[in-house]
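Every read-out reported here was derived from the displayed coordinates using simple, explicitly stated rules and does not represent laboratory data. Just so you know, these numbers come straight off a predicted model, no measurement behind them. Every residue, glycine as well, gets a Cβ built from its backbone with ideal geometry; the counts of neighbours run over all protein chains shown.
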Amino acid sequence: MRARRMICLWLSQKSLHEMTELVKVTLENEMDLILAYKKAIRVAERLNLTISTQTTFATAVSEICRGIIEKTDTGVLSIGLVREEIRYSLAAQISFGEDIVYNSSDDGFLYAQKLLPHLGIHTIDGRTTIELKIGLPRSSGINNAKISVLIHFFNEEEPYTPYEEIKRKNSHLNQIAEEKDEELRQTKIINEQKTEFISIASHELKTPVTIIKAYAQLALSTSKGQCPPLIQAYLSKIEAQSSKLTFLIQQLLDVSKIEAGKFDYRLELVDLDAYLNETLSQIKLSIPNHKIRWELNCPINLKLDKLRIEQVLSNIIGNAAKYSSSESLIELKTYCNEDNHAIIAVSDKGIGISDGNLEKIFEKFFRDAEVIQKYSGLGMGLYISSKIIHGHGGRIWAESIPGKGATFCFSLPAES
């Protein structure tokens, strides 16, 4: 009686055998079927298996791969070595997504089952893997050193065909793209966490700073004539620094709102000349050591958020005062362009901005390295201002001659 060859078939939810991968082929089209067959032959050949065993293993692998390629272009073939209790096995693992229906009744599986003694189907975390194994004789002498040699050989082996060469290059490019995508994803997560931290920290700081400022103002108003002038001076400094800190906290809150897409505007129709006369009269009081003059030549109506545009003007004029000497002149002029936009330009006689930094000054947290030691700030004012102007449908830019001053301009569309 002719002996029957034992065939082991298992369907499992358990983990696959741990495999040392030697080669890998993505299964995208019929060309990959040929490549899979050649790779399987090559691995078996390097293990000194007989020609008939090489052919049997490669045929079984290609039959499974054929069935997968017919159903999806996302299959992956890995060929390598699995350590058994007392010896190694040559193994192939073909994996694909859970949306693909493939089971032991498929023609390719049934044919492969006739060729190899060990086949298994595993489903783990929504991904299915078909594993084929063939035991290696102990005389094959497989050990860690030989495995390292095999890994190096297949890593360095030249492509078999021009198709494989193109496939390798595409794989490398895809890997680079995936790494870049992952970097962008991680950067986005970090930015979101940073924005959340800024928002929480700003909110937590706002209340105690407001209380400190209120008590300093209360102490100043009630202690006149009742405490030494030195104490009065200390209280004035506390109140002034509290105001600065309140302003910085508000800027941080604005940045977090911008990053979160929650920076809202309350638009209302205003007469530009009347609005600027009122607003600039108030801003003038905050820079008593500078002269400010304005010339208005665009008497139109605009829809804008009065508080937000005042914030822009305060930022720009405040910077003009910071970077120019006391008693120097700051000028604001308006005119209407041919696109029916109001142009507002603020000029100073300060230190100016280098050409290389003109585009960078509207970036978040940007500070010019040449002035960072001499002038305080966090680099948020112009960034916030640019977002406000863009939110109004306008544009903001700067012009400068280093050492002679700078002009900041922004446009606002007229109400149609």
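Where nothing but the Cβ of Lys and Arg (+1) and of Asp and Glu (-1) is charged, how large is the charge dipole of the range 17-150 around its Cα centre, in debye to the nearest 20? Here the size comes out at about 740 debye. For the chain, the longest principal axis of the alpha carbon atoms and the long axis of helix 306-322 meet at an angle near 80°. Here the calculated FRET efficiency for Ile211 and Gln175, from their Cβ-Cβ distance with R0 = 56 Å, stands at 0.55, rounded to the nearest 0.05. Remark: the Thr50-Ser281 segment gains 73.6 nm on full extension, using 0.36 nm per residue and subtracting the alpha carbon distance. Centre-to-centre, using Cα atoms only, the range 281-359 and the range 142-168 are separated by 66 Å.
Can you give the FRET efficiency to the nearest 0.05 for Thr123 and Glu156, using r as the Cβ-Cβ distance and R₀ = 35 Å?
FRET efficiency, Thr123 to Glu156: 0.50.
Could you list Val346, Val61 in order of exposure, starting from the residue whose Cβ has the fewest other Cβ atoms within 10 Å? Please list the in-between numbers first.
Working: Val346 22, Val61 29.
So the ranking, lowest neighbour count to highest, is Val346, Val61.
Spin-label pair Lys360-Leu307: with each label point 7 Å from Cα along the Cα-Cβ axis, the two points sit 3.4 nm from one another. Rounded to the nearest 20, the size of the Cβ-charge dipole of the chain about its Cα centre is 1240 debye, with Lys and Arg at +1 and Asp and Glu at -1. Check the straight Cα-Cα distances from Lys38 and name the aspartates and glutamates below 17 Å, setting aside those fewer than 8 residues away within the same chain. Partners within reach: Glu21, Glu28, Glu30, Glu63, Glu156, Glu157, Glu158, Glu164, Glu165. Taking label points 7 Å from Cα along the Cα-to-Cβ direction, Asn143 and Ile166 give a separation of 4.5 nm.
Starting with the fewest neighbours, write out Glu45, Glu239 ranked by other beta-carbon atoms found within 10 Å of each beta-carbon. Please report the intermediate quantities before stating the final value.
On the way: Glu45 14, Glu239 18.
Fewest to most other Cβ atoms nearby, the residues stand as Glu45, Glu239.
With an a/c value of 1.5 or above and a/b not larger than b/c for the gyration tensor axes a ≥ b ≥ c computed over the alpha-carbon atoms, the range 73-180 is described as oblate. The calculated P(r) of the range 268-413, using every Cα pair and 5 Å bins from 0, goes 2, 10, 20, 24, 21, 14, 7, 2, 0 in percent. For helix 381-391, what angle does its Cα long axis make with the longest principal axis of the chain, in degrees from 0 to 90 and rounded to 10? Result, in degrees: 80.
What FRET efficiency do you get for Glu28 and Glu85 if R0 is 41 Å and r is their Cβ-Cβ distance, rounded to the nearest 0.05? For R0 = 41 Å, the calculated efficiency reads 0.65. When Cα extents along the principal axes in Å is calculated for this entry, the matching label among (1) 120, 58, 39; (2) 53, 49, 34; (3) 68, 52, 38 is (1).
On a 0 to 90 degree scale, rounded to 10, what angle separates helix 51-71 from the longest Cα axis of the chain? Approximately 50 degrees, to the nearest 10.
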